[in-house]
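To start, the structure itself, in structure tokens.
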Amino acid sequence: MAAITTAAHDAGALTLWDLSHSAGMLPVELNRSDADLAVGCTYKYLNGGPGSPAFIYVRSDLQDRLAQPIHGWFSHDEQFAFSGRYEPASDIRRFLVGTPSVLSMIGAIQGIELCSELGINRLRQKLDTAGNPEHFLTVRGVGYRFVGDDAT
């Protein structure tokens, strides 16, 4: 991730990472890799289910420089001022659109809290172990033989 981001920056480009299949599954270090932008969902590995909210990451030094093309009530700098003129927030709030569905967030909150409590590295280790065919077959007492280029 860091190498690709560096190459993009060297070429004068920004990076946008799609974390839909990473969030809740893989360690992702956006700050360490100097990523610019990332988007993802909570319905998959964060267990939010259908209709759960998506998310966005915008590196802090870009938040007041990038424009959100869809203005939302939650992205207004003074949300409850009810002024006649839209003024975007200068922080990550400027990228919010619409009103989030509270019911849809409940499942996602549980999944996010679980990942936070257990730690993504611990979850990944468990997945790697459980997903290993040798472990899977050994646990169930099934005899097996792998066939491949290096089979003897």
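Key figures
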{"read-out": "Residues Gln79 and Glu117, FRET efficiency given R0 of 25 Å [Cβ-Cβ distance, rounded to 0.05]", "value": "0.20"}
{"read-out": "Where labels lie 7 Å past Cα in the beta-carbon direction, separation of Gln68 and Ile106 in nm", "value": "2.6 nm"}
{"read-out": "Tyr86-Ala54 FRET efficiency (beta carbon distance; Förster radius 22 Å; 0.05 resolution)", "value": "0.50"}
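Values in this text are rule-based calculations from the coordinates and carry no lab data. These numbers were taken from a predicted model, which means no experiment stands behind them. With ideal geometry, Cβ positions are generated from the backbone for all residues, glycine too; neighbour counts draw on all protein chains shown.
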